[in-house]
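Report on one structure; see the data block that follows.
The values are calculated or read from the model by the stated rules, or taken from the named source; none is laboratory data. It should be emphasised that the depicted structure is a prediction, and the values quoted were computed from it without experimental measurement. Here the Cβ is made from the backbone with ideal geometry for all residues, glycine too, and neighbour counts use every protein chain on show.
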Amino acid sequence: MNGNANLYALLEAGFPVDRTAVAIETPERTYSWNEIGQISARIANLLQGLALPAGSRVAVQVEKSPEALMLYLACVRAGLVYLPLNTAYRESEVEYFLTDAEPAVVVCDSENLEWMQRLAKKTGAVQVYTLDANGSGSLTLAAASQDQAFETVQSLPDDLAAILYTSGTTGRSKGAMLSHLNLSSNAQVLHKYWGWRPDDVLLHMLPIFHVHGLFVASHGALLAGARMIWLPKLDIDQALHYLPQSTVLMGVPTYYVRLLNDARFTRELCRRMRLFISGSAPLLKETFDDFKARIGQPILERYGMSETIMLTSNPYDLDSGERLGGTVGQALPEVQVRVVDDKGAELAPGEIGNVQVRGPNVFSGYWRMPEKTREEFTADGWFRTGDVGQWGGGAVPANYLSIVGRSKDLIISGGFNIYPKEIELFIDDLPGVNESAVIGVAHPDFGEAVVAVVVPRPGVQLDTSAMLAAMKSGMANFKVPKQIHVIQQLPRNTMGKVQKNILRTQYS
Ligand code: AMP
């Protein structure tokens with residue numbers, strides 16, 4: 001890379017020539033490309049005025065707003081490390097992150113100012129600002145008197161741009177350190193692979209404290225010079241209102257389930273849409289099929305994580321391959337993906353094993369956890385994703401990856417390895433079943449026992465003994481659940497991931 005490796009320099013090069021054009025539209029107002037440059041410059045000047053040491057962290061726990069995006073861009077421009085925090089975290093949780101990351105600056109919602117100030121003082125921050133959902137707050141006020149021009153600082157490819165804490169359903173949450181190069185390289189790959197165009201309109205409804213909404217979605221639109229319709233969250237009425245003028249939507253699987261549940265969601269409404277992307281959690285094959293039948297387009301499912309940004313994608317260009325429901329597609333250009341056994345030997349298509357990855361997009365390590373970092377990388381530099389998957393298998397071509405689950409969700413019962421996904425797929429196909437989650441719970445004889453938690457379709461009374469009978473005749477006995485629990489809804493986090501840890505505690 002020549003010149004400045006700062007991510008903002010790359011993004012800015014994609015802004016349109018006409019900087020008065022609309023870059024971000026909310027239901028209340030619009031922001032031009034000029035304003036993105038100017039507002040982020042003002043905040044960058046403000047932060048630079050604090051004369052913080054290089055690599056200082058800016059921890060941000062605020063509601064989604066265009067100003068929050070500009071705060072992110074300002075940190076990048078000023079060479080500071082952006083550290084977004086899930087807005088659902090409460091004081092005791094935020095305390096862990098601030099203690100671990102020791103940010104120099106903290107930005108929070110004015111509602112949380114009191115306890116945030118207390119925590120910030122305890123953990124050594126020099127400044128606390130507020131930023132509310134409507135864009136107002138002490139940050140905006142202080143930035144208003146700053147210069148609207150800012151020369152983006154010179155960054156090296158490996159300089160840190162962001163720390164993303166993993167959702168950490170087991171053990172301590174870890175801060176994934178992402179560099180300007182990690183983010184830039186992935187943004188460029190996705191720009192090309194998904195065919196981003198200046199006349200795209202992205203319907204942005206994802207949270208921006210997570211890799212999906214902050215990096216994948218926002219970088220995509222900014223780098224393309226494409227307009228974003230910016231909504232705080234999924235709101236079906238708003239989504240239906242804005243879909244006719246949109247061309248790209250990124251969502252977690254539940255977004256698609258909820259859209260399909262609404263009869264107003266039609267092919268006609270999506271006439272300008274060229275791309276529906278799903279990720280962050282597995283998309284049910286059934287949702288993929290229903291969507292294609294209703295809307296006439298296959299959802300593009302992709303796979304990635306906080307530590308690596310995007311890794312694989314189903315093809316955008318349908319001439320280069322089909323989009324296959326139930327798979328996460330092919331390795332992205334520049335990204336290497338392999339499936340290995342526990343000894344590290346590469347497995348043949350159809351064999352299930354550990355997914356490992358390598359590439360310019362892969363993070364350098366976990367913040368202040370050198371040992372954990374060493375454990376998660378192989379000697380030759382592959383990152384152990386913790387996901388279990390397979391290439392091909394059955395009718396699936398060998399260059400398509402399927403994710404079977406997280407390795408920590410693997411069940412070992414009576415010495416047999418059991419992949420929950422296999423049993424979940426079987427259960428989901430039984431009559432009256434909406435979805436399911438299969439977990440392992442401690443068992444005195446088997447080590448672990450298989451337990452299924454099943455959600456019926458609306459109005460259906462499930463007959464669990466008939467379900468067990470069907471399973472007994474359709475799969476090896478050691479895989480058949482010892483218990484089936486029927487519940488109305490699976491516990492999910494904001495990114496749509498089923499929280500198996502909660503189920504394990506509940507049914508242990
Ligand atoms: P996060 O770091 O919160 O983005 O979580 C990353 C994890 O989400 C991955 O390691 C996978 O376990 C899971 N994940 C992301 N995308 C998919 C997908 N398309 N299918 C299945 N699992 C996914």
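Take the conditions closer than 25 Å to Arg29 by Cβ, surrounded by 17 or more Cβ atoms within 10 Å (Cβ to Cβ) and without any contact (Cβ under 8 Å) to a residue 60 or more places away in the chain and apply them to Met116. Does it pass? Give the steps one after another, and end with the answer.
Details: closer than 25 Å to Arg29 by Cβ: no; surrounded by 17 or more Cβ atoms within 10 Å (Cβ to Cβ): yes; without any contact (Cβ under 8 Å) to a residue 60 or more places away in the chain: yes.
No: the conditions fail for Met116.
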Would you confirm whether or not segment 370-383 contains a residue that is in a loop (DSSP other than H, G, I, E, B), out of contact with any Ser or Thr (no Cβ under 9 Å at 6 or more places or on another chain) and basic (Lys, Arg)?
no
Failed item, numbered, when Ile39 is tested on (1) in a loop (DSSP other than H, G, I, E, B); (2) in contact with an Asp or Glu (Cβ under 8 Å, 6 or more places away or on another chain); (3) among the hydrophobic types (A, V, I, L, M, F, W, C):
(1)
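In segment 158-178, which residues are away from the ligand (no atom under 14 Å from the Cβ), at pLDDT 95 or above and surrounded by fewer than 24 Cβ atoms within 10 Å (Cβ to Cβ)? Even if it seems obvious, please write down each step before you answer.
Going through segment 158-178, the residues away from the ligand (no atom under 14 Å from the Cβ) turn out to be 158-161, 171-172.
Still in the running and at pLDDT 95 or above: 158-161.
Asp158, Asp159, Leu160 - these are the residues of segment 158-178 that are away from the ligand (no atom under 14 Å from the Cβ), at pLDDT 95 or above and surrounded by fewer than 24 Cβ atoms within 10 Å (Cβ to Cβ).
Of all the strands (runs of 3 or more DSSP E) wholly in segment 411-480, which have at least 3 residues that are assigned by TED's automatic domain parsing to the domain that holds Pro491 and touching a residue at least 60 places away in the same chain (Cβ under 8 Å)? Let's see the steps before the verdict.
Values: elements: 411-413, 416-418, 433-443, 447-456.
Passing ranges, in order: 433-443.
Here is a yes/no grid of residues against (1) under 16 Å from Trp196 (Cβ atoms); (2) assigned to a strand (DSSP E or B):
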| position | (1), (2) |
| --- | --- |
| Gln238 | no, no |
| Pro244 | no, no |
| Leu249 | yes, yes |
| Tyr256 | no, no |
| Phe265 | no, no |
| Leu269 | no, no |
| Arg272 | yes, no |
Number of the exception - Lys285 against (1) within 14 Å of the ligand (Cβ to nearest atom); (2) surrounded by 17 or more Cβ atoms within 10 Å (Cβ to Cβ); (3) of a type in the set (Lys, Arg):
(2)
From Ser473, Ser465, Ser413, residue being under 22 Å from Ile352 (Cβ atoms) and of a type in the set (Gly, Ala, Ser):
Ser413
Verdict on Tyr96 being surrounded by fewer than 17 Cβ atoms within 10 Å (Cβ to Cβ) and either outside any loop (DSSP other than H, G, I, E, B) or modelled with pLDDT of 95 or more (or both):
yes
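Being farther than 23 Å from Ser218 by Cβ, away from the ligand (no atom under 14 Å from the Cβ), in contact with a strand residue (DSSP E or B) (Cβ under 8 Å, 6 or more places away or on another chain) and polar (S, T, N, Q) is the requirement here; does Gln356 meet it? Let's see the steps before the verdict.
Details: farther than 23 Å from Ser218 by Cβ: yes; away from the ligand (no atom under 14 Å from the Cβ): no; in contact with a strand residue (DSSP E or B) (Cβ under 8 Å, 6 or more places away or on another chain): yes; polar (S, T, N, Q): yes.
So Gln356 fails the test.
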For segment 1-25, enumerate the residues that are without any contact (Cβ under 8 Å) to a residue 60 or more places away in the chain and either in contact with a His (Cβ under 8 Å, 6 or more places away or on another chain) or buried (at least 19 other Cβ atoms within 10 Å of the Cβ) (or both).
none
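State whether one or more residues within segment 224-245 are touching a residue at least 12 places away in the same chain (Cβ under 8 Å) and within 15 Å of the ligand (Cβ to nearest atom). Steps first, please.
From segment 224-245, those touching a residue at least 12 places away in the same chain (Cβ under 8 Å) are 224-236, 238-240, 242-245; that's our starting set.
Checking which are within 15 Å of the ligand (Cβ to nearest atom) leaves us with none.
Scanning segment 224-245 turns up no residue that is touching a residue at least 12 places away in the same chain (Cβ under 8 Å) and within 15 Å of the ligand (Cβ to nearest atom).
May I ask you to say which residue of Ala51, Ala88 is in a loop (DSSP other than H, G, I, E, B), surrounded by fewer than 17 Cβ atoms within 10 Å (Cβ to Cβ) and within 24 Å of the chain's Cα centre (by Cα)?
Numbers: Ala51 fails: within 24 Å of the chain's Cα centre (by Cα).
Of the residues listed, the single one that is in a loop (DSSP other than H, G, I, E, B), surrounded by fewer than 17 Cβ atoms within 10 Å (Cβ to Cβ) and within 24 Å of the chain's Cα centre (by Cα) is Ala88.
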Scanning for something modelled with pLDDT under 95, aliphatic (A, V, I, L, M) and farther than 27 Å from Leu283 by Cβ, does segment 457-466 turn up at least one residue?
no
